[in-house]
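To keep things clear, I will list the structure first and then write my remarks on it.
The values are calculated or read from the model by the stated rules, or taken from the named source; none is laboratory data. Since the structure is predicted, the reported quantities are computational estimates derived from the model, not experimental observations. Here the Cβ is made from the backbone with ideal geometry for all residues, glycine too, and neighbour counts use every protein chain on show.
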């Protein structure tokens, strides 16, 4: 079988595996019971099924995924069922897109399988979707990943369309525009071609933001730069800083730990292709200036994490150590993501949003769960796993493919 055909079959199989992991996690995780299964933000998204302006000023900035979910809502007549059904589609598309992006940087099927199985066992990618289905993140991350894939692989027209979709799916997906512009300038693409590719997304971003602001005038305004800068006050609290580091390390379980353990390889790749550093820096900045929902922003690092994992895995140590590294990656995912653990509201806040517990506000529980010693052990465990990945599976130098045409 030709290599391209084989890759497509493998990618399709891994996309199906990603969907099956979501099915399995739905069975063991449980589902949020707040507001009849819609959760908190989900109330606004479900209202938007009847019109983009039926939500809040901030949810209205990201209308695309809700709009795509409307046909499912017309058929199923229930917002939770509609979002849940479409999440399976988004997870399948995301799994396939991640595989396509990986293939641009590595031909290692075993590493690709390891990547997909660990990514889709993580909280940020799949477990949160299983517990809290009425959100737009699964679809938005899929659109962002497709946009970046088309920027890397072409065709250019698809990249232009996809990046417009990305900024309508999640407003800080404007970072994808920066990715594409930096990549094109590095490759010496004529400026007029760069402008014609990405200017439509920039125009749509600002025009839609202005339209939403005008529609909600007198009621509220979108979160702006001043509010984001104000959120930097959180960094006065060492616990917030520690949580930011923890979730950056573990947002994709063993995958993100593996990449950070190989930070030398990752950084050298970012020097060769600085668009990955620019994109990652913008997402990290958004997360740093966001609120207590740290990993929900960090989840948009997924395309960069997949590519850097491909590069780092390609430079893994001697073959006999591959299984050791893979085992540590899987163990790290299981212990940091707890993919097959049931979730209730107490675990939801303690494990996923501990800074809300720290603040003691907006936590609808009769008794706040104790952060200690649970989080102390998690910090120590993560440091140990990072050390194991850095020491037991060192890198080796190999030739790099020219401009990701591997």
Criterion (crowded, with 24+ Cβ neighbours inside 10 Å, part of a loop (DSSP other than H, G, I, E, B) and modelled with pLDDT of 90 or more) met by exactly one of 258, 252, 309: 252
Residue 101 fails exactly one of (1) over 19 Å from residue 173 (Cβ atoms); (2) in contact (Cβ under 8 Å) with a residue 40 or more places away in the chain; (3) part of a helix (DSSP H, G or I), namely (1)
Scope the stretch 331-369; condition more than 20 Å from residue 380 (Cβ to Cβ), assigned to a helix (DSSP H, G or I) and in contact with a helix residue (DSSP H, G or I) (Cβ under 6 Å, 6 or more places away or on another chain); matching residues: 349, 356
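So which of 125, 129, 43, 93 is surrounded by fewer than 22 Cβ atoms within 10 Å (Cβ to Cβ), more than 24 Å from residue 269 (Cα to Cα) and either in contact with a helix residue (DSSP H, G or I) (Cβ under 8 Å, 6 or more places away or on another chain) or at pLDDT below 95 (or both)? Before you say what the answer is, go through the steps one by one.
On the way: 125 fails: surrounded by fewer than 22 Cβ atoms within 10 Å (Cβ to Cβ); 129 fails: surrounded by fewer than 22 Cβ atoms within 10 Å (Cβ to Cβ); 43 fails: either in contact with a helix residue (DSSP H, G or I) (Cβ under 8 Å, 6 or more places away or on another chain) or at pLDDT below 95 (or both).
Going through 125, 129, 43, 93 in turn, just one is surrounded by fewer than 22 Cβ atoms within 10 Å (Cβ to Cβ), more than 24 Å from residue 269 (Cα to Cα) and either in contact with a helix residue (DSSP H, G or I) (Cβ under 8 Å, 6 or more places away or on another chain) or at pLDDT below 95 (or both): 93.
Tell me, yes or no, whether the stretch 122-133 has at least one residue that is in a helix (DSSP H, G or I) and under 22 Å from residue 311 (Cβ atoms).
Let us first name the residues in the stretch 122-133 that are in a helix (DSSP H, G or I), namely 123-131.
Going one step further and asking which of them are under 22 Å from residue 311 (Cβ atoms), we end up with 124-125.
Scanning the stretch 122-133, I find at least one residue that is in a helix (DSSP H, G or I) and under 22 Å from residue 311 (Cβ atoms), so the answer is yes.
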Any residue at all in the stretch 50-58 that's in a helix (DSSP H, G or I) and buried (at least 21 other Cβ atoms within 10 Å of the Cβ)? no
So, residue 12, is that one buried (at least 20 other Cβ atoms within 10 Å of the Cβ) and either touching a helix residue (DSSP H, G or I) at 6+ places or on another chain (Cβ under 8 Å) or part of a helix (DSSP H, G or I) (or both) or not? no
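Filter the stretch 217-237 down to the residues that are more than 18 Å from residue 358 (Cα to Cα) and either free of Cβ contacts under 8 Å to residues at least 12 places away in the same chain or loosely packed, with under 11 Cβ neighbours inside 10 Å (or both) and list them by number. Write out each step before concluding.
From the stretch 217-237, those more than 18 Å from residue 358 (Cα to Cα) are 217-230; that's our starting set.
Matches in the stretch 217-237: 217, 218, 219, 224, 225, 226, 227, 229, 230.
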